[in-house]
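**Q** Can you read through this structure? Questions will come right after.
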Amino acid sequence: MRYSKTFIPTVKEVPADAEITSHQLMIRAGLMRKVASGTYAYLPAGWRVLRKIMEIVREEMDRAGALEAPVPMVQPMELWQQTGRDIDYGETLGRFKDRHGRWNVLTPTAEETYTYLASRELQSYKQLPVNLYQINLKYRDEFRPRFGVLRSREFIMKDAYSFDADEAMLDESYHKMYDAYCRVFRRCGLEYVIVEAESGEMGGSGSHQFTVPCANGEDVIVYTEDNAHAWNLEKAPVDPPPKAPAVEVGPPEAVHTPGVGTIEAVCEFLKTTPPQMIKTLIYTCEDQVLAVIVRGDHEVNGEKLTQLLGGRHVELADAATIEKVTGAAVGFAGPVALTGPVTLLVDHAVAAMAVGVAGANKTDYHLRNVVPGRDFPLEGDHVWVVDVRMAAEGDTYRGQSLRFRRGIEVGQVFKLGTKYSTKLGAMFLDEDGRQKPCLMGCYGIGINRIMASAIELSHDEDGIIWPISIAPWEVMITPAGSEAEVVATAERVYEDLSARGVEVLWDDRDLRGGVKFKDADLLGLPVRVTIGKKSLAEGHVEIKLRREADRRAVPLASAADEVARLVNDLKAELTAEA
Ligand SMILES: Nc1ncnc2c1ncn2[C@@H]1O[C@H](COP(=O)(O)OP(=O)(O)O)[C@@H](O)[C@H]1O
Ligand SMILES: [Mg+2]
């Protein structure tokens, strides 16, 4: 490709809303432009990268036996109502009414539609297993789109859905996808960590996330110091702390804390510290009311809570419910003397406390000298002592210290079980003559996120350093001057390499060398050929890898051979088997 015939509008200015490197470089290198908050237009060079990623994903899905079979992006709301996800997704779900008054969903993912398809098309065990996938635009009305395409409202996702007859078959489908994901990320040149993840309300039985470790990631990976276990933050289990030695204290004592609601404010007011506070949050799960009790310095883990309740939908209670069970304004809930049928979920760390300060269930009051087990129960019918908090610095798992690291989730695999097939009637006739719901799995990869994470992992102050497998082109030819001989040589090398199937961008623009070199660094193609008047007079061209500082003079006669060899070596580093 001649530079003058494509469209790569590089810019010096970084837009104010581009907070992180990958976003800045994608704009500066002329790969994409923002259209509105969380939506982007791709320019030709950026689209070439996405096409390459999609092609790698497609090859690996096909190799794993999945079948490409896209479903509509605009989906009937009724399907979403049948699974209840019209409500669970809340405002993140994009929806509109068509001219006939029917509600539609802009697909954020597609379990419903594939399960609907399966309910029509799969009748017999003989048709199983089957795994269908698509690569297309998804829409999620993210509350806070940010970091460019890392969290956008519109993004490209590969999503696959497997249908199996039994657990063993599902296991196999799942592992095929898991292996395919390893191959995809390796081929894209990404360093990644696989962590155990919670399967959310999906009602599934297993999930892994593929995460690219990187300081700008929104996710937190937790792993044991011996590296034997890794989880996402929502899944990471913690050991119960040792029980604090008992202390002699009088009965709970109410203290007036007017208008002091937050943990920090109470600590300040009562001269205590968050680890000595007992925090009570009221939740509802269907018609059950729950008081979740954690230490003042700990956070409730919503995923653990969901799993403790068997994958049912749990949410923070509204003010009316809180006032009803505590008899107080919001902000003064405590575990002592709650009214009404409330289930207590006491975190291990609270059960291990000798004494603490808690809300008094009375507006503007707290209680001192609250002793877990004495002043509120740690056993009984409606009391569970459980692990329901986020892991934090200082925690251990089976005695191993937990470590924390940020990362970007680029893909996730889930075992869904029968949640969707039951609700949408995806049944099959099994070998034993019985009707059974299909066992399902679902598998997502964020195509744009792969692009952005590759840049996060590999760049320098001058620009992007692409892994060759997803670079917009493999080789950049930059004539340093505009002398006739230099231009003619550049064109010859360009033709020669193109004829060998190497993807070359030839900077044929009539610009100063310095400008072209800056653009070349910014765009970051892995192999660079520079042709200048002086070296040409000595019969040489200069070859350089973008990731290395070294430049080498190579005789013109062998330049194309040498470049082709470098391209092949770089590609060989990124095979799935490497
Ligand atoms: N808002 C977004 N912008 C870009 N990519 C996204 C976004 N949301 C999800 N993805 C990508 O799609 C993949 C599958 O999404 P999924 O696991 O269903 O979403 P989530 O992790 O948000 O629950 C994710 O691993 C991620 O790579
Ligand atoms: Mg996910």
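The values are calculated or read from the model by the stated rules, or taken from the named source; none is laboratory data. Nothing here was measured: the structure is a model prediction, and the numbers come from that model. When we count neighbours, we look across all protein chains shown, and the Cβ atoms used for this are built from the backbone with ideal geometry, even at glycine. The protein model used for the area step is the full one, side chains on, heavy atoms only, and it has no ligands, DNA or RNA in it. Shrake-Rupley method; radii C 1.70, N 1.55, O 1.52, S 1.80 Å.
**Q** If you put +1 on each Lys and Arg Cβ and -1 on each Asp and Glu Cβ, how big is the dipole of the chain around its Cα centre, in Debye rounded to 20? Don't skip to the end; give the middle numbers.
**A** Details: 67 positive and 85 negative charges, 276 e Å.
Once rounded to the nearest 20, the dipole reads 1320 debye.
**Q** Mean projection of the alpha-carbon convex hull of the range 367-464 over all orientations, in nm²? Before the final figure, lay out each step's value.
**A** Details: hull surface 62.1 nm².
About 15.5 nm², averaged over all directions.
**Q** Translational diffusion coefficient of the chain at 10 °C, 1.306 mPa s, Stokes-Einstein with Kirkwood Rh over Cα pairs, in µm²/s as a whole number. Please list the in-between numbers first.
**A** Values: Rh = 27.4 Å.
Translational D for this selection: 58 µm²/s.
**Q** Among bridges DSSP assigns within the chain, what percent are antiparallel (round to 5)?
**A** Working: 92 of 117 bridges.
If I count the DSSP bridges inside the chain, around 80 percent turn out antiparallel.
**Q** How would you order 353-359, 45-51 from highest to lowest mean count of nearby Cβ atoms within 10 Å? Intermediate values should be presented prior to the final figure.
**A** Details: 353-359: 22.6, 45-51: 20.0.
Answer by packing, highest mean first, reads 353-359, 45-51.
**Q** Which of the GluC sites (Glu not before Pro) across the range 422-490 are loop residues per DSSP, with 13 or fewer other Cβ within 10 Å? Display every interim value, and only then the final one.
**A** Details: sites: Glu431, Glu456, Glu461, Glu474, Glu483, Glu485; in loops: Glu431, Glu461, Glu474, Glu483.
Sites meeting the loop and neighbour criteria: Glu431, Glu461.
**Q** Let me spell out the model: positive unit charges on the Cβ of Lys and Arg, negative unit charges on the Cβ of Asp and Glu, origin at the Cα centre of the range 395-457. What dipole size does that give, in debye rounded to 20? Don't jump to the answer; show the numbers that get you there.
**A** On the way: 10 positive and 6 negative charges, 51 e Å.
For the range 395-457, the charge dipole is close to 240 debye.
**Q** Pairs of Cα atoms under 8 Å, at least six residues apart: use those to get the relative contact order of the chain, whole percent.
**A** Values: 1229 pairs, mean separation 98.7, N = 578.
Worked out over the chain, it gives 17 percent.
**Q** Leaving ligands, DNA and RNA out of it, report the carbon-plus-sulfur percent of the accessible area of the range 16-167 at a 1.4 Å probe.
**A** Working: 3530 of 6880 Å².
The nonpolar share, carbon plus sulfur, comes to 51 percent.
**Q** Among Gln412, Ala360, Gly463, whose Cα projects farthest towards the positive end of the dipole of the range 358-495, with charges put on the beta-carbon of Lys, Arg (+1) and Asp, Glu (-1)?
**A** Ala360
**Q** If you scale each eigenvalue of the Cα gyration tensor by 5 and take the root, what three semi-axes come out for the range 121-171, rounded to whole angstrom and sorted largest first?
**A** Numbers: eigenvalues 230, 25, 14 Å².
Output for the range 121-171: semi-axes of 34, 11, 9 Å.
**Q** For the residue pair Arg99 and Val487, what label-to-label distance in nm results when each label sits 7 Å from Cα along the Cα-to-beta-carbon direction?
**A** Taking the simple label geometry, Arg99 and Val487 are separated by 5.4 nm.
**Q** Can you give me the relative contact order of the range 328-458 as a percent, contacts being Cα pairs under 8 Å and 6 or more apart?
**A** Details: 163 pairs, mean separation 23.4, N = 131.
RCO, the range 328-458: 18 percent.
**Q** Mind checking the range 537-569 for GluC sites (Glu not before Pro) that DSSP puts in a loop (not H, G, I, E or B) and that have at most 16 other Cβ atoms within 10 Å? Walk me through the intermediate numbers first.
**A** Numbers: sites: Glu538, Glu542, Glu548, Glu562; in loops: Glu538, Glu548.
The qualifying sites are Glu538, Glu548.
**Q** Which of the trypsin sites (Lys or Arg not before Pro) across the range 52-110 are loop residues per DSSP, with 14 or fewer other Cβ within 10 Å? Write out the running numbers ahead of the final one.
**A** Values: sites: Lys52, Arg58, Arg63, Arg85, Arg95, Lys97, Arg99, Arg102; in loops: Arg99, Arg102.
Passing both the DSSP loop test and the Cβ count: Arg99, Arg102.
**Q** Ranked from the most accessible area to the least, with a 1.4 Å probe and all protein chains present, what is the order of His175, His23? Write down the numbers at each step before the final one.
**A** Values: His175 85, His23 5 Å².
So, going from the largest accessible area down, we get His175, His23.
**Q** Please state the relative contact order of the range 45-188 as a whole percent: Cα pairs under 8 Å, 6+ residues apart? Don't skip to the answer; put the middle values down first.
**A** Values: 176 pairs, mean separation 38.6, N = 144.
Once normalised by length, the contact order is 27 percent.
**Q** Turning to a different aspect of this structure: Which of the peptides 367-377, 119-129 is most tightly packed, and how do the rest follow, judged by the mean count of other Cβ atoms within 10 Å per residue? Please list the in-between numbers first.
**A** Numbers: 367-377: 19.4, 119-129: 15.2.
Peptide ranking by packing, descending: 367-377, 119-129.
**Q** Given a 1.4 Å probe, how much area per residue of the chain is accessible, in Å²? It would help to have the intermediate numbers written out before the result.
**A** Details: 25610 Å² over 578 residues.
On a per-residue basis, 44 Å².
**Q** Helix-only mean residue ellipticity at 222 nm, the chain, DSSP H runs n ≥ 4 weighted -39,500 (n - 2.57), per residue, nearest 500. What is it? Numbers along the way, then the final one.
**A** Details: 16 runs with 165 residues, N = 578.
Result for the chain: -8500 deg cm²/dmol, rounded to the nearest 500.
**Q** Something else about it: Carbon and sulfur: what percent of the range 288-418's accessible surface (1.4 Å probe)? Can you show the working numbers first?
**A** Values: 2570 of 5270 Å².
Carbon and sulfur: 49 percent of the exposed surface of the range 288-418.
**Q** Rank Gly340, Ile156, Ile322 by how far each Cα sits towards the positive end of the charge dipole of the chain (+1 on Lys, Arg Cβ; -1 on Asp, Glu Cβ) and give me just the farthest.
**A** Of the options given, the answer is Ile156.
**Q** When only alpha-carbon atoms are used, what values of Rg and Dmax, in angstrom, describe the range 68-187?
**A** 16.2, 48
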